[in-house]
Amino acid sequence: MIIKNNNTFHLQGRNISYIMAVSSAGDLIHIHFGKKLRDRDYSDIKTVWHDWLAYTDDGISLDLYPQEYPSYGHSDLRFPSYSVKNRHGNHITQLKFKSAVIKENAVQQLEGMPSLFQGGKTAQTLEITMYDEIAGLEAVLSYTVYDEYDVVLRSARLKNNSDCEMIIDSAYSASLDIGKGEHDLIYFPGAWARERELVREKISYGVKIDISNARGGSGHSMNPFIMVAEHNADEGHGAVYGLSLIYSGNHSSMVECDQYGNIRIHQGLNPFRFQWSLENGEEFTTPQSVLCYSENGIGGLSRELNDIYRSNLCRSKWSDRERPILINNWEATYFDFDEEKILDIAKKAKDVGVELFVLDDGWFGDKGSCYKGLGDWIINKKKLPSGISGLADKINSIGLKFGLWFEPENINPDSEILLSHPDWAVSVSDRASSLSINRLMFDLSRDDVCDYIINKISGILRNANIEYVKWDMNRPMTDIPYDGYNHKYTLGFYRIMDAITSAFPDILFEGCSGGGGRFDAGVLAYMPQIWTSDNSDAVSRLKIQYSTSMGYPVSSMTAHVTAVPNHQNGRVTPLGTRAATAYCGIFGYELDITKMKDDELLEIADQIRLSKELRHLVLTGDFYRLISPYDTNYCAWEMTAKDSSEAFLFACRILSVANSSDLMIKLKGLDENSDYLDVDTGVIYGGDELMYRGIEPVYEKKDFAAVSMLLKKL
Ligand code: DGJ
């Protein structure tokens with residue numbers, strides 16, 4: 001609900017209030033984002049200033065004010081929300097309140113970019129127009145709040161009302177001045193096979209600007225999700241702010257702690273190598289930033305974001321459907337396969353309960369590898385004599401659905417299409433482009449290139465019974481032709497994803513980018529699941545999935561059981577641990593099942609039976625992180641039905657320790673007055689006992705021992 005009281009705007013979510021006021025000087029002042037407050041008129045804001053600070057004629061120094069969309073250089077000298085070069089060649093602007101409108105039953109929708117939708121909830125949007133007369137700059141700040149959630153959606157629209165060109169050097173989606181206090185910054189840097197490592201550090205004086213990525217997609221190296229938590233906040237307690245950007249290109253979040261200890265946060269497009277020119281009357285809209293707040297620690301914030309991302313982000317009909325258990329041939333065969341091998345894998349997989357076979361990279365081009373044929377997408381008939389459609393039919397007659405891998409955005413330099421359209425790759429005119437795995441990138445800033453990709457991929461999807469698509473992207477962006485190009489490319493990427501996913505609503509799409517290099521809410525708006533990491537080692541996955549789950553629902557994280565020694569790090573872990581680690585995700589296999597022994601196949605059949613029982617919890621349950629693999633030799637997490645009727649506990653002791661006693665695990669989200677049956681052992685526990693006393697799992701005496709437990713309320 002949005003309440004306007006004189007000059008105060010009060011946005012109320014389920015448990016939160018977001019309050020701002022227009023000061024007597026027309027500045028938009030931030031009052032509060034946190035626990036829900038009763039409404040009152042907050043417009044009697046004091047204007048405070050110190051003698052030696054810069055201040056305006058009316059004695060106001062914005063350097064001391066918490067603001068909604070601050071500018072730089074007039075009296076506020078902290079990092080600004082935006083930077084625009086005006087007609088006089090300087091960057092000094094000062095936005096003043098002009099008007100506000102409250103839109104009933106409306107969620108901000110951004111043209112050409114993904115955003116949350118209303119999805120049956122009650123939502124209102126406030127649009128505040130700010131204006132700088134001298135520069136002719138208009139900024140429309142948009143805020144959406146839902147009655148049912150604890151989030152505020154923000155974006156900004158800048159418009160040039162002057163009679164000459166205006167250059168935007170930066171434009172963040174949201175800024176948040178949270179004031180003083182001992183706070184920690186939590187963010188997720190990483191690399192290929194080590195995506196989204198959890199880093200938590202105390203915020204101290206100065207500016208931390210490098211929570212960003214300028215590698216093309218949202219990137220392996222930094223995720224566009226951050227949290228700012230009270231220093232003593234943990235999984236279950238304390239105040240935590242989260243900012244999640246719905247965007248898949250170069251992004252930036254930054255935190256400044258000023259000379260008085262006030263904390264300012266920004267999130268949005270990365271200003272590095274960004275520029276956008278606006279002629280008279282033109283506008284620029286930023287991506288959407290989701291601001292979330294919880295009093296219940298990091299876990300409370302995650303579950304809030306999980307709920308809204310599961311229900312109000314992805315339009316695919318698969319977003320709330322149980323996903324098929326798949327087998328993918330990548331780690332089983334890499335490029336070395338033919339139809340016979342594929343069918344052997346599929347038959348064996350069907351016998352143990354798999355539901356979907358996915359043919360990965362290497363089905364096209366005369367060499368049958370990704371080094372040749374990307375962009376042309378001509379089926380390699382030597383490997384697949386019946387083509388994709390013939391293979392799909394054969395897989396279907398085994399009783400499995402058929403899925404196919406694509407890498408729509410990339411192209412090999414010697415592909416036919418590039419030879420006939422040499423200007424279709426991202427490049428600069430004065431030097432040769434950098435290759436990455438012999439790939440160039442299609443220039444998605446061009447409509448004709450986007451149309452080619454849409455038609456080409458759609459043609460293949462139309463001509464075979466393809467029920468799942470893995471959409472890969474395996475290179476960073478180099479040779480960027482001009483500043484702002486990355487955003488134009490990203491808009492093209494959204495155009496082709498939108499066109500293809502809407503034309504094939506029955507297909508289950510999975511995002512991927514060299515593993516989890518584009519794991520973001522922008523991709524999740526089109527595809528309900530993303531390949532979490534190429535690192536499928538169970539121990540590595542503990543950390544990767546633990547930290548990924550802080551910002552994204554487990555129903556978006558695909559998790560496959562692969563062979564040992566693990567192909568990425570050589571580690572040998574038990575088959576049971578590999579599966580147990582993957583249950584709280586979108587479960588599947590990626591190994592040569594034809595080489596598995598009979599007892600392993602029986603174990604796999606059991607695993608698949610269990611994962612089918614757990615699928616609804618992955619989609620709808622609450623996820624609790626119980627013990628952190630970042631801090632201990634253990635990892636434990638739990639999925640609990642929202643009505644507390646069942647729960648699934650996973651725990652792993654990473655290295656075996658002689659003569660030690662293991663950590664007790666206290667479960668969450670159960671009914672303390674009910675009893676729960678451990679389905680495997682038949683033991684009955686009280687909900688209160690499981691939550692307040694805890695249990696000590698019995699691990700086998702070996703490294704990487706895992707325990708799981710399905711509990712049903714009696
Ligand atoms: C990277 C993906 O993450 C892998 O799963 C696989 O699809 C390869 N690309 C294929 O090139």
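The values are calculated or read from the model by the stated rules, or taken from the named source; none is laboratory data. Quick caveat: nothing in here was measured; it's all calculated off a predicted structure. Cβ sites come from the backbone with ideal geometry, for glycine too, and all protein chains shown count toward neighbours. Just so you know, the surface numbers come from the protein's heavy atoms only, side chains and all, with ligands and any DNA or RNA stripped out. Shrake-Rupley method; radii C 1.70, N 1.55, O 1.52, S 1.80 Å.
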Single unsatisfied condition, L435 versus (1) within 16 Å of the ligand (Cβ to nearest atom); (2) free of Cβ contacts under 8 Å to residues at least 24 places away in the same chain; (3) surrounded by 14 or more Cβ atoms within 10 Å (Cβ to Cβ): (3)
Selection within the stretch 81-90 - in contact with a strand residue (DSSP E or B) (Cβ under 8 Å, 6 or more places away or on another chain) and either of a type in the set (G, A, S) or part of a loop (DSSP other than H, G, I, E, B) (or both): S81, S83, N86, R87
Scope the stretch 370-384; condition open to solvent by 20 Å² or more (accessible area, probe 1.4 Å) and either within 14 Å of the ligand (Cβ to nearest atom) or part of a helix (DSSP H, G or I) (or both); matching residues: Y371, K372
The stretch 526-548, residues that are away from the ligand (no atom under 16 Å from the Cβ) and either under 25 Å from I507 (Cα atoms) or of a type in the set (D, E, K, R) (or both): Y526, P528, K543
Total residues in the stretch 390-432, condition more than 23 Å from D338 (Cβ to Cβ), in a helix (DSSP H, G or I) and open to solvent by 50 Å² or more (accessible area, probe 1.4 Å): 5
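Evaluate the following for S513: is it of a type outside the set (K, R), closer than 24 Å to L245 by Cα, within 15 Å of the ligand (Cβ to nearest atom) and not assigned by TED's automatic domain parsing to the domain that holds P224? Step through it out loud before you land on a result.
Working: of a type outside the set (K, R): yes; closer than 24 Å to L245 by Cα: yes; within 15 Å of the ligand (Cβ to nearest atom): yes; not assigned by TED's automatic domain parsing to the domain that holds P224: yes.
Considered against the rule, which asks whether it is of a type outside the set (K, R), closer than 24 Å to L245 by Cα, within 15 Å of the ligand (Cβ to nearest atom) and not assigned by TED's automatic domain parsing to the domain that holds P224, S513 comes out as yes.
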Matching residues, the stretch 258-302, being open to solvent by 10 Å² or more (accessible area, probe 1.4 Å) and touching a His at 6+ places or on another chain (Cβ under 6 Å): N270
Condition broken by A464, with the remaining ones in (1) over 22 Å from S115 (Cβ atoms); (2) within 16 Å of the ligand (Cβ to nearest atom); (3) not aromatic (F, W, Y) satisfied: (2)
Top-ranked residue in the stretch 343-359 [being surrounded by 21 or more Cβ atoms within 10 Å (Cβ to Cβ) and away from the ligand (no atom under 12 Å from the Cβ); ranked as farthest from Y468 (Cα to Cα)]: V352
All positions within the stretch 622-650 that are surrounded by fewer than 23 Cβ atoms within 10 Å (Cβ to Cβ) and of a type in the set (D, E): D622, D631, D643, E646
Condition broken by E590, with the remaining ones in (1) out of contact with any strand residue (DSSP E or B) (no Cβ under 6 Å at 6 or more places or on another chain); (2) within 28 Å of P324 (Cβ to Cβ); (3) within 16 Å of the ligand (Cβ to nearest atom) satisfied: (1)
Odd one out for S536, checked against (1) within 30 Å of A706 (Cβ to Cβ); (2) touching a strand residue (DSSP E or B) at 6+ places or on another chain (Cβ under 6 Å); (3) in the same structural domain as D360 (by TED's automatic domain parsing): (3)
Subset of the stretch 300-342 [within 16 Å of the ligand (Cβ to nearest atom) and either under 23 Å from S555 (Cα atoms) or in a loop (DSSP other than H, G, I, E, B) (or both)]: L326, I327, N328, N329, W330, E331, Y334, F335, D336, F337
Residue check, T577 within 16 Å of F648 (Cα to Cα), away from the ligand (no atom under 16 Å from the Cβ), touching a residue at least 12 places away in the same chain (Cβ under 8 Å) and of a type outside the set (K, R): yes
Residue match in the stretch 33-55 (condition: in a loop (DSSP other than H, G, I, E, B), buried (at least 21 other Cβ atoms within 10 Å of the Cβ) and either touching a strand residue (DSSP E or B) at 6+ places or on another chain (Cβ under 9 Å) or in the same structural domain as G238 (by TED's automatic domain parsing) (or both)): no
Residues of the stretch 467-499 that turn out to be within 16 Å of the ligand (Cβ to nearest atom) and not basic (K, R), as a count: 7
Hey, D537 modelled with pLDDT of 95 or more and open to solvent by 10 Å² or more (accessible area, probe 1.4 Å) or not: no
N312 of a type outside the set (G, A, S) and open to solvent by less than 10 Å² (accessible area, probe 1.4 Å): yes
Qualifying position, being within 15 Å of the ligand (Cβ to nearest atom), within 24 Å of N455 (Cβ to Cβ) and open to solvent by less than 10 Å² (accessible area, probe 1.4 Å), among G362, G387: G362
Failed criterion for Y494 (all others in (1) farther than 19 Å from S218 by Cα; (2) in contact with a Pro (Cβ under 7 Å, 6 or more places away or on another chain); (3) crowded, with 16+ Cβ neighbours inside 10 Å hold): (1)
All strands (runs of 3 or more DSSP E) inside the stretch 178-250 with 1 or more residues being open to solvent by 20 Å² or more (accessible area, probe 1.4 Å) and either small (G, A, S) or on the phi > 0 side of the Ramachandran plot (or both): 206-213
Residues of the stretch 571-591 classified as open to solvent by 20 Å² or more (accessible area, probe 1.4 Å), more than 22 Å from A647 (Cα to Cα) and not basic (K, R), total: 2
